[in-house]
Every structure is written in structure tokens, then in C-alpha cells.
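The values are calculated or read from the model by the stated rules, or taken from the named source; none is laboratory data. Everything quoted here is computed from the prediction, not taken from an experiment. Here the Cβ positions follow ideal geometry from the backbone for every residue, glycine too, while neighbour counts run over all protein chains shown. Calculation scope for accessible area: heavy atoms of the full protein, side chains included, ligands and nucleic acids excluded. Shrake-Rupley method; radii C 1.70, N 1.55, O 1.52, S 1.80 Å.
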Amino acid sequence: MTTVAYPPVALASSSSSIISAAGPSILAFNPSTSTVVSPPSSTSTSSNAGKNQQQGSIIRLVAVTEDGKIAASIGDDKSLKVWDIKDDAITLRSTRAMVKKGSHITFGPDQSIVVCDKVGDAYLYPLDPVPADPSTSRPPMYTLVSDPTKNPDCTYLLGHTSILNSHVVTSDGKSIITADRDEHIRISRFPKSYVVEKYLFGHEGFVSALHIPSTHPSTLISGGGDASLRIWDHTTGNLVSKVDIYPAVLPHRRVRASMRKNRFLRKVTEQAPSESNQAAETTTSASADEETFYTAPEGWILPSGQGVCVRKIESVRVGDDTVVLFFSEGAAALHSFILSPDSTPSAVHTIPFPYPILDFTPISTQPGQVLVSLDTAWGVLKKNPSPGTEGRQDVIPRDDLSDEEQKALEEVFTVVSVGAGGSLNKADSAIAQPLSANLPKTNIKTVSNLDLYPLLNMLPRWPGHDEELDEANLPSTPGGDASSIAPSSMTSATNGLRRNYAPEELEKMGTKQLGRLKSSGVDIGNLLVQRQKKAKEENRRKLGLDKQMPPPPKKVKKEKKQLNEEDMANA
């Protein structure tokens, strides 16, 4: 049977090595010696070998310390594994079971491990497991699920009300910044994260990536499903500038979210255009295929947005410039722009690839170069889902591969050189070949069924499904920007925020913007109640429930019987 390599899903780099996660195993590559090491396989006869040296499932997240001596990984089996990395071997240091699936992992300032999960909680794990106290019993799993503060393996940091997608600890180690599916960016003290310093409002869609450049420690770059990346001064909470990304990203989308039945029997295009939709409409250079890429057949719907999900943001130093790199999940291109010191808009550079990007990481030992991993099985073993396939891509049935296809599947790594002005070009490097040659192998069926793009279905809103009815039908601000309305801090809502708005201004605002104003103490009257009633009536009309219904029978009030003196005496 033909075997193929597991796709390298996650990458991370340190000052001395590159970590690649593929399938249930991790690889460590030393660019200085061109050597690749991995944990012992399950077929090894050594005493430390076996399945306990593997993740047990596909690894989704990986992180490495700055010196490259310790790595941590999280897989679909909800296990947190810590690895010791040496020149000649990778050995498993510890394994801890997590209560929920992780969504992001990094190392803290003191080599502690910061993990956020898909339920909305963030935890701080010590590097090594806490010894169990024999005098106490471990809380049952249902207790840990309902109350994460009772987890004896870690310290509970903070919680959001939706999926936590990304986090970053500031360079001084005093704050942690978290981002979730509900457009929230929260800045809290670290590690006493119950103290909230401020919120950064302005995103209209989910926020899936955060980054603080090492050359600009007070700058935060955020991105997700919006038409632009936002650049903040996280010390003040001010929005510095925005970088429009739709014109660069949309032409290179390859993977699309799955479709769901339209239970309201109406087209999504009936909704008022948001900033993201308007930005997509202004991209006039799109071809016919690009224009129909995110259009569902009649009776089906796609999630809101344009299929854009900024998966990762990094930065590298090139000369005197700081170049910001990013990519969108399911897109076959890497993008870059110069981080301008005077907040002027920067041009976005793009380098296309024949396959969707899985991950990328800067190569610390080779300044100005970036390692990129590709999903070379796309179009050969997998394709975009057809109506009725939910939560994954369609499989292309294959029993065997030609020699050309087999060779193409092995070219999963490529190196990109970042030039002056942020330009991107493919570079010749000796890194890709040894990494590709040492990837673990599996069968065609396993690779075909791997879902490598879960965020495309998980993060965008589904109109009429997981949105409130009033949110799905109320118009957003025509051409507006929420960042000009919402306060930058919940604790200082009056700072830079007008207390009084004209009725015409309030009418143009979206529901979320009105809700933020109301929570900040701004008087918006009963506008939200009116819109909710109007939205419910509109939905009832579209569903055919607006027929005249017989009025409910009126309750007849019984008259109290007057008692005479004889009746009262008998009573």
C-alpha cells in the first residue's frame, strides 16, 4: 500500500532549532548541523520507546523555549506533552491530561506554559507536573469541567464567554492579551489576570491572531475575519492604524468552509453589507472563479465574511525595517508589509504557492528567511466540501498515486526570503529536504480524512444558526467603523467618547455598537428593544407565521359573592 507523509501542521522556531509537528510526532531540526531528531518510534525496542513517546493523535499546537531546549505540544487527544530536546534525541519529559481542547500555546517568561482552550479559558501550567497530594483526592472530571479553578494541575488565569483563539504575554511579563470569537481583545495583568486593564474594541469579526513585534514592544497587531489588520498601542489602548488585506488575500483562497441548509429560505445577500462585504465588493480585479468562490447554491448558506481567517502573524527584522508576515487559513499565499513608524498605510506584498499554507515560522539562524509548510494533498486527496458535507472537506477516493503525484506530495516545505521593502521571494535552502525526508508516514486514507482547516467552520458566524435572530437581520453601520464608536477601555468609557448622540446617528449604528454604547453608560433610548421586535416580526413574516391568529380567549373575572350576615355566621 502506498504511504504518504503526515502534513506538517504546526511550526515553531527558537534561536537554535526549528520544531515541526506532523501527525503524532514532532521533529527538531538544527540548521547549523543540518540534523533532524525525533522521539523514538513505537517500533523501537528501547525501554523509553513506545506509544507513550508519541502524542497519541495528530498534534495541532506546538511551542518551543527561546533556547530551543524544551518544547510543548497539544494534540486532539487533549494531552499536554513536554519534550526535552538535545542534539541527538527528543525525549518525553511529562504528560498531562487537559480538560478541554487547546486553541493556543506559548511559553511564559519563567518557562511556564500558557494555554488557552476552545471553551474560553486560559491556564498557566508549571513546566513540570505538580506532585499529587496523597492526602487529597483528585476532583472528578465533571467538577473540573464546571469549575476550572479547581484543576490541581495548573493555575486558572481568566475566562472569556466564547472561544479563545490567541494570546500573547507582553515583553515585560506584566500583562497578557487575549482574543476571542466575539471580537474582543482583552488586556489583563499577568499572572493576576482577574485584574482587567482594558479592552480593545474595533473588530467587526472574530479575532484569531495576535502578535507583538520584538522591535516594537508597545505595538500589538491583531487580525481575524475582518477586511483589515489592526495595529494598536496596547499600553494606551489606542488604535494606531489599519492595513487592508482583502485585495491581497481574496484572490488566493483555496479552501472553503462547509455549507449548511438555509433554514430561513432566504439568501444571505439580503443582509445589509458589513465592512468586510463592502471591502470584498470593491475588489474589482477578481476573476469569475474568485467571485463565485464564496457563493452557496440556492437553499444553502456559508458562514458570514468572505472565508478569510488570519491564522498567524509574525515579524522579522530586515535592515532597519520591521516586516510583518501573515497568512489566512486555507489560502495559498504568504503576505507581508512594513510596520510603519509614522502610522502611514503600507503596501501588502504577496508570494503565491500552488497549495494552501499550513503554517510558517521565521528561521532565527538565517535572518530574513521564513520556513513555510504546505498542504500538498489538496486537490489530490481532498477538495472543497459539497452541500451536505459539514465540518470537513470532501475526500477524493484514491487507492494509489502516480510517481509525479508522490513526488509532489513530498514537497511540503519551502523557504521564503524577505527582502528590502517587505518583498517576498522563494529561496534556495538546505532546510526543506531533510525535514521532508524525516516526516512520519501513514496511509492515503488517513491523510485524506484529516481536517486541517477547522477554524474556517468554527469561528465565522452562521446567519440564523448560532447568531441571535436580531443580530442576523439588523443592519450594520453603512461604511462605518466600530473602532470610532466603541470605547478603548471599559473602565474609562468617557475617555474620548461622546455621551450624547443624535437620533440619526444611533439609527445608523449596528446592534453590537449600540450594545457597547449602552454598557458604557450612553443613553440610546429604547432603540434596541424596537429593533428586536422589528426583527422578530420580520422573521415571522419570512417563515410564514404572520397569518392572522385567533386572539386568545379573554379571562373572565369572577365577581366576588357578597356574603350576608347569615352566611358569615355559618362560615
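Length gain on complete extension for the stretch Glu411 to Thr3, per 0.36 nm per residue less the alpha carbon to alpha carbon distance?
145.4 nm
Given R₀ = 56 Å, FRET efficiency for Asp400-Met141 by Cβ-Cβ distance, to 0.05?
Plugging the Cβ-Cβ distance into 1/(1 + (r/R0)^6) gives 0.80.
In nm, what is the difference between 0.36 nm times the number of residues separating Asp110 and Val196 and their Cα-Cα distance?
28.8 nm
Using only the Cα atoms of segment 390-433, build the gyration tensor, take square roots of its eigenvalues as a ≥ b ≥ c, and label the shape rounded, prolate or oblate: rounded if a/c is under 1.5, else prolate if a/b is larger than b/c, else oblate.
oblate
For segment 168-221 and segment 60-138, what is the centre-to-centre distance using only Cα atoms, to the nearest Å?
21
Using a Förster distance of 30 Å, how high is the FRET efficiency between Ser241 and Asp182, based on the Cβ-Cβ distance and rounded to 0.05? Let's see the in-between values first.
Working: r = 23 Å, r/R0 = 0.78.
With R0 = 30 Å, the Cβ-Cβ based efficiency is 0.80.
Based on the alpha-carbon gyration tensor of segment 354-445 and its eigenvalue square roots a ≥ b ≥ c, which shape applies: rounded if a/c is under 1.5, prolate if not and a/b is larger than b/c, or oblate? Walk me through the numbers before you get to the answer.
Working: a/c = 2.71, a/b = 1.71, b/c = 1.58.
It is prolate, given that a/c is not under 1.5 and a/b is the larger ratio.
What ranking do 326-335, 88-97 get when scored by the average of other Cβ atoms within 10 Å per residue, highest first?
Ranked from most to least packed, the peptides come out as 326-335, 88-97.
Carbon and sulfur: what percent of segment 131-227's accessible surface (1.4 Å probe)?
On segment 131-227, the fraction of accessible area on carbon and sulfur atoms equals 55 percent.
For Lys534 and Thr295, what is the calculated FRET efficiency with R₀ set at 22 Å and r taken between the beta-carbons, to the nearest 0.05?
The formula returns an efficiency of 0.20 here.
How would you classify segment 334-398 from its alpha-carbon gyration tensor, with a ≥ b ≥ c the square roots of the eigenvalues: rounded for a/c under 1.5, else prolate if a/b is greater than b/c, otherwise oblate?
Note, shape of segment 334-398 comes out prolate.
Kindly sort Trp83, Trp300, Trp378 by accessible area of their heavy atoms, largest first, with the probe set to 1.4 Å.
Trp300, Trp378, Trp83
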